[in-house]
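S.K.: Below is a structure I'd like to ask you about.
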Amino acid sequence: MPIESIEIPAADGTAEALVARPSTGTGPFPGVIFYMDAFGLRPRIQEMAQRIADWGYVVLAPNVFYREGSAAELAPSMDMTSQEGREAAGKAAFPRVGRLTSDKVLPDIDAWVSALRSLDGVASGPIGTTGYCMGARLAVRTATSHPDDVAACGGFHAGGLVTEEPDSPHQGLKDAKARFVFGHADHDPSMAPAAVARLGETLKDAGLEASNEIYAGAPHGYTMADTSAFHPEATERHFTELRALLDGALKG
């Protein structure tokens, strides 16, 4: 089934989103929100969303940078499979991440959850969320701001989940009810071992069921096959652990 493009009324305008549905089977299916990395909605995100959908989910992937432009306008124009190309793309993409502050994120999350709930064929029960790089922060904020909706939350090669800011994503975990799976990049300055350990302590203190692992040898961005950071083994591990999380929390 082809990926569908929809428009969502969001906090500060209209946002595009991709919707991936299972290639086989009859619904309704549990819903999953997929938060992209800094490089935006593009073919790799479509591939990943469809793979998850084919496990038996309806997947919504919003353009979280809609304030900055359309998905097409923001898509990288260069080959990111070289380190130089990835760095060049990052010069445009990474500043957008800093501008997507929590005061903008939270009302947007309300719109994403509502949009997912309104899609045809989405089951009425709990939903899941998964996020990549900065998208992992959005996944966590979705689980913490909508605890009665989100039963599963995955975060992979995340950055900035634990900071000294009062609105650091980890601070909200006390309000969450979801199961969590984190697959951290190795030697990642945006999520150093001390931050990973602190995240683990926060998850434990909150009494949450969670896996919080560093994937040895996997660089930041390891799931993104269209960039120089791609690490096939870590990517497949992530898919295995994410599927177990979603199936256990949403279909168990």
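The values are calculated or read from the model by the stated rules, or taken from the named source; none is laboratory data. Treat the numbers as computed from the prediction; the structure is a model and nothing was measured. In this analysis, Cβ positions are derived from the backbone assuming ideal geometry, glycine residues included, and neighbour counts consider all displayed protein chains. All accessible areas refer to the heavy atoms of the entire protein, side chains included, with ligands and DNA or RNA removed. Shrake-Rupley method; radii C 1.70, N 1.55, O 1.52, S 1.80 Å.
S.K.: From the list ILE6, ILE109, pick out the single residue that is among the β-branched types (Val, Ile, Thr) and touching a His at 6+ places or on another chain (Cβ under 8 Å).
M.R.: ILE109
S.K.: At least 3 residues that are more than 22 Å from VAL122 (Cα to Cα) in each: list the strands (runs of 3 or more DSSP E) lying fully within segment 135-248 that qualify.
M.R.: Answer list for segment 135-248: 179-184, 210-214.
S.K.: Among the listed residues GLY85, GLY135, GLY159, which satisfies the condition of being small (Gly, Ala, Ser), under 30 Å from THR202 (Cβ atoms) and out of contact with any helix residue (DSSP H, G or I) (no Cβ under 9 Å at 6 or more places or on another chain)?
M.R.: Only one candidate qualifies: GLY135.
S.K.: So, one more: Restricting segment 99-132 to residues that are open to solvent by 10 Å² or more (accessible area, probe 1.4 Å) and touching a Gly at 6+ places or on another chain (Cβ under 6 Å), which is nearest to ASP247 (Cα to Cα)?
M.R.: By that ranking, first place goes to VAL122.
S.K.: If GLU233 satisfies every condition in (1) surrounded by fewer than 14 Cβ atoms within 10 Å (Cβ to Cβ); (2) closer than 21 Å to GLN50 by Cα; (3) in contact with a helix residue (DSSP H, G or I) (Cβ under 9 Å, 6 or more places away or on another chain) but one, which is the exception?
M.R.: So the condition that GLU233 fails would be (3).
S.K.: Please verify whether segment 137-155 includes one or more residues that are open to solvent by 10 Å² or more (accessible area, probe 1.4 Å) and farther than 24 Å from ALA49 by Cα.
M.R.: Scanning segment 137-155, I find no residue that is open to solvent by 10 Å² or more (accessible area, probe 1.4 Å) and farther than 24 Å from ALA49 by Cα, so the answer is no.
S.K.: Among the candidates ALA15, ALA20, single out the residue that is farther than 28 Å from HIS231 by Cβ, crowded, with 21+ Cβ neighbours inside 10 Å and more than 14 Å from the chain's Cα centre (by Cα).
M.R.: Result of the check over ALA15, ALA20: ALA15.
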